[in-house]
Amino acid sequence: MKLKSLVCLFFPLLMFVSSANADEGMWLPLLLNKMNYAEMQKMGLKLTPEQLYSINNSSLKDAIVMLDGGSCSAEVVSPEGLLFTNHHCGYDNIQEHSSVEHDYLTDGFWAMSREEELSNPGKTASFLIRIEDVTAKVLDEISNEISEKERTEKIHEIISKIEKEATEETHYNARVSTMFGGNEYYLYVYETFRDVRLVGAPPSSIGDYGGDTDNWMWPRHTGDFTIFRIYCAPDGKPADYSEKNIPYKPKHFLPISLKGVKKDDFAMVWGNPGNTDRYLSSFGVEYALNYFNPAIIKICNKLLEIMKEDMDADKKVRIQYASKYAGIANVWKLYLGQSKSLKKLDVYNSKAILENNFTNWVNADEARKKEYGSVIDDISEYYKISSDKKYNIATLCFRLIYIFGAEILDFANQSNDLISALKSGENINEAVEKYKEIANKYFKDYNLPTEKKKFTELLKIYSEGVPSDLQADIISEIKTKYKGNFEKYIEYLYSKSIFSTPEKLNSFLDKPNLKTIEKDPALKAATSFFNSVANIENLSEKENGKIRRASRLFIKGLREMMPNKKFYPNANSTMRCSYGTIVDYYPADAVYYDWHTYMKGIIEKEDPENEDFIVPEKLKEIYLKKDFGRYGEGDKMPLCFLTNNDITGGSSGSSVINANGELIGIAFDSNWEGVGGDIIFDPDMQRCVNVDIRYVLLIIDKYAGATHLIDEMTLINNKPVVKPDTEEQKEIITQ
Ligand code: ARG
């Protein structure tokens, strides 16, 4: 989800010190053998290190997929490229295929044959080919004498070279990822498939049961899954969508366990967690609480209010804005919860204690004083300046406007290729056709009155919240030319811009000319905002350099200070494994939360007056008839369960795997008490919320009747297949 891009801009990439808790940590698959394997084995793991991660033989990592460059995770569950991920990870695609006539969001979608599977241009599925530690290659050429700016530039140069060399004469893509705040660098090489088709999705009343009310909470009764299939060219290589493409044959796929789960069972989560800031300083925590989180919450609040009103009034708008709304509501609730839990857990104080210990350790030695003496002061000063000057808030407001609010800015900005073509006079038709494709997608989910309201209100928040010297100059223009009347300016912008309606755009594209597009008011506004961000970057360059350096040294120092601790890098959209157990928790004094839920809870929560809790008739029927087949536990149908695995945004859709390497669930959320987990891992409070794989299969089989999909999978069963509701079944269950 978009949440990732917000976070990484403002918090330096830091890392986390692992305590003795096995549950804590998102570990690099490459280092599992060296760092974690013995402990994993002690906890019950039955696989060999080679079965987990190998670059020579097929291993578990070959069944793990990164979706869309890191927004979500997924896993292969059949020899024919079938993928499981979350409903909320496929939501955009389900929504894109939906219309008032075919409302797959409400009704669900099931391809009953391969021909019915729906293509999703732009969607990608990446497999990890290998990881390599390239720290020496990157840092050996970097001298400590150069400025942070030079250092960053030089590192970018070296990284690009490494990425290029790693993929030369292959069809792979590569990324060098910064670990431990810039103390280490790892090369990740991927094979990325571009034909990923939608195969099945339950209705939102199953896949998002509980909606925003239950989101980020436990207990859960959500069947949060979607099914895709990867297709490739007949030679097995990635290809764009084509009828000639064939289902991808994976190197490994996960068998699925029907054996069920129980408390204290070993569980691993494999996926691509997006961003954590586990070692954010106390100053950073204070900054998040006072500035960063309130700004996000305020803007999201406004956007949700505007969208909700229009969505409630019109079914078409409801479908058009469903995915955007869910994304913003998700971020809004996350930051609300994060602030709450940072306060409740007194994270500021625990960070301050660590910094104090660090200072004492530094001061005990002259050489340390020389290297690390200014680290804590530099971090503190950075946040003081950030609070005073509001550089980060200005950039954050722009990003929220750009990503969530004023969609016309990004749409206008995407005409860059067209502008270049018009300038050079070359490939104009091609550029026009390409832009038409972008436009079709854009206008499908576009309601002009909603867009105008969103942009107007965000401009008001921006002009009030961002210091005038950091504002985009378009604001002062509005203040003079439109006497500060934002409504009037927005009326002007949308009435004049070629990007505001399909009609205006099409008539422009019929006869495109440089002059019209270059003076378009939407493009002008976008350019003005981008210029302001570039200006802020210049103004804050010194501070940004200082915090990067201080953070890097802080991490380096901490690793020296605690040589016996196992450290792992912050999440950064690279493949990780976290391991732990299935476990319950006590969210508050005298309150106990069990580790699993059953279908019974769906009925308990049912509320026909509340759209988050409407239960589909067919699901009720399955429940009432106890038609659970081989997926249930007698007359009970398991639904979700908790583990203490360490996850974050981007982990959504991750496989939850048992000691034998079999799929037992799909991770889909964190719990409310643990929602501060991006900054601190509290072993007593942080839980990973998973949908039991048996419920997923029940929905595919009994609800959708898509048994052909079940037939593709390898189910591991320790009980015989029996007809539901028979004496025989009861007997087996009670054995
Ligand atoms: N909290 C979930 C995550 O970030 C997303 C849940 C989406 N559902 C919703 N009702 N907004 O992975």
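The values are calculated or read from the model by the stated rules, or taken from the named source; none is laboratory data. Computed from a predicted structure; not experimentally measured. A quick note on method: Cβ atoms are made from the backbone with ideal geometry, for glycine too, and the neighbour counts reach across all protein chains shown.
Odds and ends about this structure:
- You will find that of 329, 322, the residue that is among the aliphatic types (A, V, I, L, M), surrounded by fewer than 20 Cβ atoms within 10 Å (Cβ to Cβ), assigned to a helix (DSSP H, G or I) and out of contact with any strand residue (DSSP E or B) (no Cβ under 6 Å at 6 or more places or on another chain) is 329 and no other.
- Residues within the range 146-195 that are surrounded by fewer than 13 Cβ atoms within 10 Å (Cβ to Cβ), in contact (Cβ under 8 Å) with a residue 40 or more places away in the chain and out of contact with any strand residue (DSSP E or B) (no Cβ under 8 Å at 6 or more places or on another chain), tallied: 1
- Every pair of residues 6+ apart whose Cβ atoms lie under 7 Å, when the first sits in the range 239-250 and is farther than 15 Å from residue 126 by Cβ while the second is surrounded by fewer than 15 Cβ atoms within 10 Å (Cβ to Cβ): 241/121; 244/234; 246/234; 249/236
- Residues of the range 229-267 that turn out to be surrounded by 22 or more Cβ atoms within 10 Å (Cβ to Cβ) and touching a Cys at 6+ places or on another chain (Cβ under 9 Å), as a count: 3
- Hits in the range 632-685 - residues which are more than 17 Å from the chain's Cα centre (by Cα) and among the aromatic types (Phe, Trp, Tyr): 641, 672, 681
- For the range 323-342, a residue qualifies if it is within 10 Å of the ligand (Cβ to nearest atom) and hydrophobic (A, V, I, L, M, F, W, C), and the qualifying residues are 326, 328, 329, 331, 332, 334.
- Residues that are within 15 Å of the ligand (Cβ to nearest atom) and not aromatic (Phe, Trp, Tyr) do not occur anywhere in the range 346-369.
- Residue within the range 685-700 that is more than 16 Å from the ligand (Cβ to nearest atom), at pLDDT below 95 and either among the β-branched types (Val, Ile, Thr) or outside any strand (DSSP E or B) (or both) present: yes
- Residue match in the range 41-54 (condition: in a loop (DSSP other than H, G, I, E, B), over 30 Å from residue 197 (Cβ atoms) and free of Cβ contacts under 8 Å to residues at least 40 places away in the same chain): yes
- Test: residue in the range 618-631 that is within 16 Å of the ligand (Cβ to nearest atom) and not aromatic (Phe, Trp, Tyr): no
- Residue that is among the small types (Gly, Ala, Ser) and within 21 Å of the chain's Cα centre (by Cα), where the choices are 288, 352, 313: 288
- Index of the failed condition, residue 258 passing every other in (1) more than 16 Å from the ligand (Cβ to nearest atom); (2) under 30 Å from residue 372 (Cβ atoms): (2)
- Any chance residue 456 is modelled with pLDDT of 95 or more and either more than 28 Å from residue 436 (Cβ to Cβ) or touching a helix residue (DSSP H, G or I) at 6+ places or on another chain (Cβ under 6 Å) (or both): yes
- Checking residue 583 against (1) in contact with a Lys or Arg (Cβ under 9 Å, 6 or more places away or on another chain); (2) closer than 27 Å to residue 703 by Cβ; (3) buried (at least 16 other Cβ atoms within 10 Å of the Cβ); (4) of a type in the set (A, V, I, L, M), the condition it does not meet: (2)
- Here residue 162 meets the list (1) among the aliphatic types (A, V, I, L, M); (2) within 16 Å of the ligand (Cβ to nearest atom); (3) within 24 Å of residue 53 (Cα to Cα) almost entirely, failing just condition (2).
- Take the conditions (1) within 16 Å of the ligand (Cβ to nearest atom); (2) more than 25 Å from residue 227 (Cβ to Cβ); (3) surrounded by fewer than 22 Cβ atoms within 10 Å (Cβ to Cβ); residue 26 misses just one of them, which is (3).
- For the range 616-639, filtering for residues that are buried (at least 19 other Cβ atoms within 10 Å of the Cβ) and touching a Gly at 6+ places or on another chain (Cβ under 8 Å) leaves 2.
- Meets criteria (outside any loop (DSSP other than H, G, I, E, B) and either at pLDDT below 95 or crowded, with 17+ Cβ neighbours inside 10 Å (or both)) for residue 528: yes
- Only listed residue being among the polar types (S, T, N, Q), buried (at least 22 other Cβ atoms within 10 Å of the Cβ), out of contact with any Cys (no Cβ under 7 Å at 6 or more places or on another chain) and in a loop (DSSP other than H, G, I, E, B), chosen from 572, 645: 572
- Residue within the range 11-22 that is in contact with a Ser or Thr (Cβ under 9 Å, 6 or more places away or on another chain), modelled with pLDDT of 80 or more, aromatic (Phe, Trp, Tyr) and not in a loop (DSSP other than H, G, I, E, B) present: no
- Candidate set from the range 198-214 (those that are of a type in the set (Val, Ile, Thr) and part of a helix (DSSP H, G or I)); member that is farthest from the ligand (Cβ to nearest atom): 206
- Scanning the range 584-602 for residues that are among the aliphatic types (A, V, I, L, M) and part of a loop (DSSP other than H, G, I, E, B) yields a total of 2.
- Within the range 53-62, one or more residues are β-branched (Val, Ile, Thr), away from the ligand (no atom under 16 Å from the Cβ) and farther than 19 Å from residue 256 by Cβ.
- Listed by position, the helices (runs of 4 or more DSSP H) contained in the range 359-435 that have at least 1 residues being hydrophobic (A, V, I, L, M, F, W, C) and touching a residue at least 60 places away in the same chain (Cβ under 8 Å) are 375-389, 391-400, 407-413, 416-424.
- Filter pass, residue 428 being surrounded by fewer than 19 Cβ atoms within 10 Å (Cβ to Cβ), within 30 Å of residue 316 (Cα to Cα) and of a type in the set (A, V, I, L, M): no
- Filtered residues of the range 83-109 (kept if surrounded by 23 or more Cβ atoms within 10 Å (Cβ to Cβ), under 22 Å from the mean Cα position of the chain (by Cα) and away from the ligand (no atom under 16 Å from the Cβ)): 83
- Test: residue in the range 603-616 that is in contact with a Leu (Cβ under 9 Å, 6 or more places away or on another chain) and within 16 Å of the ligand (Cβ to nearest atom): no
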